[in-house]
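Shown next, in structure tokens, is the structure this report addresses.
The values are calculated or read from the model by the stated rules, or taken from the named source; none is laboratory data. All of these numbers come straight from a predicted model, not from anything done at the bench. Note that we place each Cβ from the backbone using ideal geometry, even for glycine, and neighbour counts take in every protein chain shown.
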Amino acid sequence: MDAMESGRKAAFTVNEFCVRFGICRSLFYAEVRAGKLKTRKGGRRTLVLIRDADAWAEALPEGGAADAAA
């Protein structure tokens, strides 16, 4: 069963992705340019598949004690 059959969303728009992950649009496009985030085009709309969004989030570095002190 794919996302459409289950009634779940299959992709985020740029704005939805930024809200969901709490980042600004400039960081979004920086991640795309760096090849860290895959996008698709649906007409003029830029989309991020849910699986690509999850892969991006999983690839982020883990925070630690050093990050908390900074």
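Find the strands (runs of 3 or more DSSP E) located wholly in the stretch 5-70 whose residues include 1 or more that are at pLDDT below 95, and list them.
Filter on the stretch 5-70 gives 40-42.
Inside the stretch 25-45, can you point out the residues that are over 16 Å from Ala10 (Cα atoms) and touching a residue at least 24 places away in the same chain (Cβ under 8 Å)?
Selection gives Glu31 alone.
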